[in-house]
Every structure is written in structure tokens, then in C-alpha cells.
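The values are calculated or read from the model by the stated rules, or taken from the named source; none is laboratory data. Predicted model only: the values in this text are computed from it and were never measured. Cβ placement follows ideal geometry from the backbone for every residue including glycine, while neighbour counts extend to all protein chains displayed.
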């Protein structure tokens, strides 16, 4: 068969494939795949291949064949079937988020994230299931919007074929270990599992990341079909990118109009030194006890700090954590992303730092940089910034669905107060490293930032992850306010 | 008490401390610690604090107090008591290596790496214990040589005091969970545990990272003593760095002389196409089966590929892995370190990628960059490069002690062959991205590299991690040779 032959017309009417045709076809397909790999790198496409299906449907063989012609330095294979403790203590998509590929690389998942909703992993009410489906849909959407190619394959085999394969595997001592009780259960209860799989596939069959159902009774046929689908999809993506490259991104000036900006609040709230000391002592004692409760009840807490430069985030965080058992919390300072972080989805680096159950993570700045500095300084195209509100809300919902308690604080000061603090810092030899030219430049854009923050506060204020604006002209007042809110809510929820 | 008082003279003769003195002393100490924190950042010192000791000796309280005056964005606390599956499947220092701090940061370990040799974690013969001690000694030495400050604290309490504290904890429902059966066992069997702890402390009491034994029956006394030790040690380190900064590093020209360079071998080894195909098919089938065996026997394999530019590493790796189940191996391409990697010990990034038991990791270039490119291009000071041979040997021994099977291949071609391949690559539009100006520049330093490589091969060729020089002028011969060696050794060891 020459390479010029119309492969599709040969293949389209095929239900199984003979050995000779298989070899010829594979030669052509693998060559195409190999050259596509170069395009994946060139166009910096992140690719996710997920393989799911019945036990003994041949996922391993299929994955091997697909990767056969690819450079092993550019893909990673992850076996996701086993629910380790590490995973169980985190939001259910965490283990997939942290393994999403960088641009130009391929992540292959042996068993998909969708599978986590099957009864083999957890018992869920219908409502809870719906929550899971929403999370999965948001996960895939976020990746697709960022240019990810997601291909999901479900390998079907008949009850009879599965039975034969189990017996064949068990016959040889070197493969017998691959069949366990759960596998046999699946064969005996084929009808019931069939319903579950079907529901999973139907409910997660999203536009742009549909499932491909592959009949795997004939392994060779399955391999050819799978590789063809991969080639078609990636070629389409490259075509799409070529066209997109011709249309330049236009950064139109972006006057942000916010009515009733939530930042317009009275900042003249104060606390006197004596009351501050008493309250601080009481509240720190309280949150310290809550830290242990959080641990024993295996609840996790995420606290986001945002605010103007010099608004007092560092000192506020310090007072919050001072008496909590240091084994129970972590403070994550967020700076400009590294090259590696930039090559991933922007939420990737935050997922890497999410607490496990029983712990608290405090983000000193956060994913909200996307709709503030990245928007105002035009680091990120306007469309991506606009999409981020939903993406952030969805991510926070995913955390909340897992039971994470979320706090978000905006530390608000006015321009005069900031100026006073900048000047004080510049005079203090211990603190003047904290103030840079950039801080002064940002200050000049106060109005733009104020509008962007106002919009952000409005669009991302949710029941499960509400914002609190903290009047911070008086640092002490601000510290007590944060402590009071955190302890009050934890009192209710722990 | 004024800050000018001689704190040491007050404290040195103290065995316990009253409340009033404690408060005054702590005020002074915390202020010092706070300003030391700035110096840690300024001088980019990585600091490790390890706390170990008897149950209920007050590690938690102590850690809290030590961290009290520090900025929570600059430290991380790790609870290391629990042996998770993730850890058990890795060399025993892996979980500590991956958590070593970046320069200017502090890692606090609740329970030390030394504790892993206690019977509560594993049953070891005396010989095996000695191996563990060697690994621990090498671990600490490598970090100290890189400028890490390591402080290890062992908290002592008497049998009576421990008994009282357990009872006190059990009395209150909110703390009762903190005492378990193992804790009580320790109290009942105090004498025996005492011997174990003593052995641990004595055997790991290395110069420059000695244990500080802290009498913790009186908690306040223990806190003051601990903080004083930390302050003294870090101040000494800063003094040391100030002096070092005055002595500039001299990069003397570095003519490398290697007698009997192992690279001087006959490169004219070839294999004909027919034999290549037959051998390749046979060996790939074999290593594929060995992949499963490796998995079921929970053995892990590390394969290092080094060699000249265009020596054919990529193609060689591809033939090696082609038929192995992709879930069983990972290929890790090593490029110039990122900023984050540079801020850590140079071995840190490799520990992060070590396989877990049952898996294979192939490094396409590796830690050997330290004694090749980093040496020749003077990226790393000569002393650090010279030290690296032992560091690398020690790291590989640590892996081997855990049961990791290590292969190291040097792919050898001659200058003429390299030139031919460079020229061929430049003509091929699919491959010309592979060849850069740097490749041409490196070529000019062939002799220097050859000498450095020769020295490296001699100094790091060990029984547990031997080098194989692979004649690679004929790529096919090279592929078969690697496959033959790997399969032969795995046959013996699996």
C-alpha cells in the first residue's frame, strides 16, 4: 500500500482487519504520527490521551502501540487506577490537574478522571454525582479553552471475550497476577457494569472532548482506529492554529467601568492597643485549638490574601498563623510564574499547592493575579482574562465540593496610606528591599487596578468562596477582623 | 533586662527558668531571630531544623515557639513520622531530599531522617544498619558542603514526666487522640527505647551537624536553649560567609590529564541489518517481559545515558523502551537547570525524578553534567566539581542500598562521525532544530571534554553502578549492545 492511497476509504468500511493489511496500514499511520509529534512541539500543543474501558480490553497493549513511534522524552504515562491515600485526601481531580502536560508534551492516563464517579471508587447520591459531573465538565472545558487537545477512549469488549481473556491470563503464571477478584466480579456482573460505564460515558461526552468508543474484541482493529482518531484530531488542531496565527490578537484599550465598586467603603475603622491585645490573644488561642480540630476532623482550609502593595498582607498572615501548630498550615507566596509554570495551564501551579485534608494553605497572592496584574499589564490576552472569572469560580467550587473551607480577603487601604507606608519602608534599612520601582509604577495605575479589582470582587463572590473586604488603614483592626471571621466560620463548620 | 545584657552569662548556668525571666529572655531572643531571618535571605543560606525525641516531649510546642517570630512565607514544616506507601517504595532518604529547602529558606522536619533506622520503621541486620548510617552521613555531608545549615535537636524527657504527660493528654477529649498504643509502649519499655535513641544519636552525631540534646522536662527551658543554639549556629554561618566573600574564588586554568583514557577504544564495531533486526526483535521482546517482572517483584531500575552530541542517545532510548509497557517506565530529559532548580542542591532535581519500586527511569543526560559541561564551561567552581565525584558515588550507593538496579551508558563516537551527523542534521528540515550554535562550539572543545569524561568514567565506575562505554559510530550496534547488557543483568537480578 503506498502512502498516497486514500487510507480513509480503505478503513472506513472495516470492522476487523487481517494481518497483512494491519502491517501496511500501521506503517503509514506511524509515520504520520511521528511527523505529527514534531508539529505538537512546534505548535506547543498540550495533549491528553485518556484510556478507559473494561478490564482486559487491552489498554496496555493499545497504549504501547500508540506510543511506539513517539519519542519517549516527550510523553508521560500515568497509571491512575489506584486510589492512594495521597489522592483520597485531596479534591478528586487534583491528581489529574497536577499531571496535565506542559505545552508541546503528551500526558497519557491509564484510566480516566471520569471513572472516579463509578461506585468502585465512591458511593455517591445523585446530587453528589451531579456535582462531580459539573467538576469534570469544568476541568475539561478549562483545558480545552487553553488549547489542550483531550482525547478519551473507551475500550469495549464483550462478556464472552472478557471471560476468555481472563482465563488465558490466568493460565500462565507470569500473567496470572493481572487478574483479580474485582475483574471477575466485573465479568459476572457485566450487565450492571455496562450500565455504569454507559452512564459515565454519556454524562461526560462533552463537545470538543467526546469519548471515542473503540470495539476492542479485535485488538488490531482497535489500534488502527485509535491511532486514526488521534491523527485526525491533532491535524485538525494544527489546521486551527495555523488559521488563528493569521489573525493577530488585538489588545483594544480596555476602560473598565464598575458601578458601585465594592471597594468604596469607609476605611476609618480602628482598634485601640489595649483591645487589640486582648482580642488578639483570645482569637489566636481559639484558632490554635481549631487547628487541631481541623486536623482530627480531616477538614482542609484555603485562605487567599489579596490587596494593594503595602496593605499589610505579611503581617496579617503572621498574626493569623502565629499560634497555629506549624505542622498544620503552609504559607505559599505567589510571585511571577516560572518558565515551567508558564508552560502549563495557569491554574496548574495552584493545584500543586492545594492542602491535603486536615491542613490549611494560605496563599499570599493567588490565582486572582490573572484578572488583576495580568489584565492591567496586558500580560494575558483580554479573552483569557475574561474567561478566568468562570474558571476561578469553577475551581473554587471543585475545592468546596471536596469539603475545603475557603476564605478570600481583600486588604483595602487608600492611596494616602499606601504612600505613607512606601515612604516609611524606603527609610527603614531592614525593609527597603521590600519596595521596588515596580511598586511605584503600579501606584500610578491605581484607578485602573481599582476598577479591575471591583469587577473581580463582584464576579467571584460566591456562597462557597465569599470575599471579605478588610479595612486595613489600621493594620491592627485588619488583623482582628480576619481572625474574627476565620474563627467564627470555623466554629460553625468544624 | 536590656538588650545589651550578656545573655549567655545569664543563661549558661541555668537548668530551669522562671516565668518572668522566660518572658524577658524570649523577647530578646525573638528579636535576634527575626533579624537573623533577614540575613538568611540576604546570604541565601538554606537551613534545616530537625526535631526528634520522646513522644510527648513537646516537639509541637517547641516548633511553634521557634517559628513564632519568623515570617511564615519563608519556612515549610514537614511531618515525617508516618511511613506512607509513597515513601516506602523509594530510597529511604528520598522524602527528605525532595523537601530540602531552597537557598534562603528554612525546612523544619518534625522527626528526623535518622529516626528511620529505628526498629519502629524497619528490621535491619547490623550490616544493613551500617549501610543506612553511611547513607545518612553522606546526605548530611553533601548538604553541608553546599552551604546548608543543619541543626538536629533531640528532646529528652524522663519516664515519669512522659507518663504524667500522657495521662494529662488522655484526660481531655480534645487531646486524647494524640496518645496511642505505640506511645504507651515507649513509656513501658523506656529503657529499651532509651538504648535505641542513644545509638541513633551517637551514630549520627557528625561534625558540623551534631545533635543538640535538649532536656525538655521543663518546656520553657527547652525553648530558650533551642532558640539560643539556632541563633549561635546561624550567626556563626553568617560570619563565615562574610569572611568567605572577601576571598574571591579563583578559576585557575584546568588542564586535565588522564592516562589510559577509557574512551580510547576501537569504534569500528558494526552489525549487519539482518542480524540487527533479529536481535532487536528478540531483545525487545525480552525486556518487555522483564518490565512486568520488575513490576511484580517491585524492583526499580535507573538508566543513565550520557554521550557526545549526536551520539544517538534519543534513538537508543527509543529502541530500549519501544516495547516496554509505557506504564512501567519514564524518560526524563535533562536540560539546563531552571531558576528553582538552581536555588536547590544540584542533586535535588534528580531525587525528584527517581522511580518508585517496580518502575524504570531513564535519564537522557543526568547528574554527570556537573563534572562535564559545568566543569568545562566553568559554570560551577572547580572545588564543587571536584567534590561531585564522591557525592555522585554516594547518591548512587544510596539508591543501590535500596535495591535500585543502576545502568550507566556512555555513547562514544569519534569526531569525524559527529561532523557527518551534524551536517546531515542541518540538511534535514525535520531535524535541523536539533542542531544549534552551541553544538558547534562544544565541538571545538572536544579534547577538553574528552579528558573530563575520561576522568569521570574512572572516578565513578563502581560495582553497584558501573559504566559501559558503547561504541556508537554504528547506531544499530550501539542499540543492540545496550539492550544486551540491560537484559542480561536484569535476567540475573530479577
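A few notes on this one:
- Index of the failed condition, residue B:68 passing every other in (1) more than 27 Å from residue B:115 (Cβ to Cβ); (2) at pLDDT below 90: (1)
- Residues in the range A:344-361 that are in contact with a helix residue (DSSP H, G or I) (Cβ under 9 Å, 6 or more places away or on another chain) and within 19 Å of residue B:99 (Cα to Cα): A:349, A:350, A:351, A:352, A:354, A:356, A:359, A:360.
- Any hit, the range A:390-413, residues being part of a loop (DSSP other than H, G, I, E, B) and in contact with a helix residue (DSSP H, G or I) (Cβ under 6 Å, 6 or more places away or on another chain): no
- Candidate set from the range A:307-317 (those that are over 27 Å from the mean Cα position of the chain (by Cα) and either assigned to a helix (DSSP H, G or I) or surrounded by fewer than 20 Cβ atoms within 10 Å (Cβ to Cβ) (or both)); member that is nearest to the other protein chains (Cβ to nearest Cβ): A:315
- Residue in the range B:266-295 that is nearest to the other protein chains (Cβ to nearest Cβ), counting only those that are assigned to a helix (DSSP H, G or I) and free of Cβ contacts under 8 Å to residues at least 24 places away in the same chain: B:289
- Residue match in the range B:112-134 (condition: modelled with pLDDT of 95 or more and in a loop (DSSP other than H, G, I, E, B)): yes
- All of (1) surrounded by 14 or more Cβ atoms within 10 Å (Cβ to Cβ); (2) without any contact (Cβ under 8 Å) to a residue 40 or more places away in the chain; (3) part of a helix (DSSP H, G or I) hold for residue A:143 with one exception: (2).
- Looking across the range A:33-45, not a single residue is within 22 Å of residue A:142 (Cβ to Cβ) and facing chain B (nearest Cβ under 8 Å).
- Condition check for residue B:353: touching a strand residue (DSSP E or B) at 6+ places or on another chain (Cβ under 9 Å) and under 19 Å from residue B:95 (Cβ atoms): yes
- Members of the range B:153-186 found to be part of a helix (DSSP H, G or I) and either in contact (Cβ under 8 Å) with a residue 60 or more places away in the chain or within 14 Å of chain A (Cβ to nearest Cβ) (or both), listed by number: B:162, B:165, B:166, B:169, B:176, B:177, B:178, B:182, B:183, B:186
- When residue A:396 is tested against (1) under 30 Å from residue A:477 (Cα atoms); (2) touching a residue at least 12 places away in the same chain (Cβ under 8 Å); (3) within 14 Å of chain B (Cβ to nearest Cβ), just one condition goes unmet, and that condition is (3).
- Flag if residue A:339 is more than 20 Å from residue A:466 (Cβ to Cβ) and at pLDDT below 95: yes
- Taken over the range A:336-357, residues that are within 14 Å of chain B (Cβ to nearest Cβ) and either free of Cβ contacts under 8 Å to residues at least 12 places away in the same chain or surrounded by 19 or more Cβ atoms within 10 Å (Cβ to Cβ) (or both) amount to 7.
- In the range A:318-331, the qualifying residues are those that are more than 8 Å from every other protein chain (Cβ to nearest Cβ) and either out of contact with any helix residue (DSSP H, G or I) (no Cβ under 8 Å at 6 or more places or on another chain) or not in a loop (DSSP other than H, G, I, E, B) (or both), and the one that is surrounded by the most Cβ atoms within 10 Å (Cβ to Cβ) is A:320.
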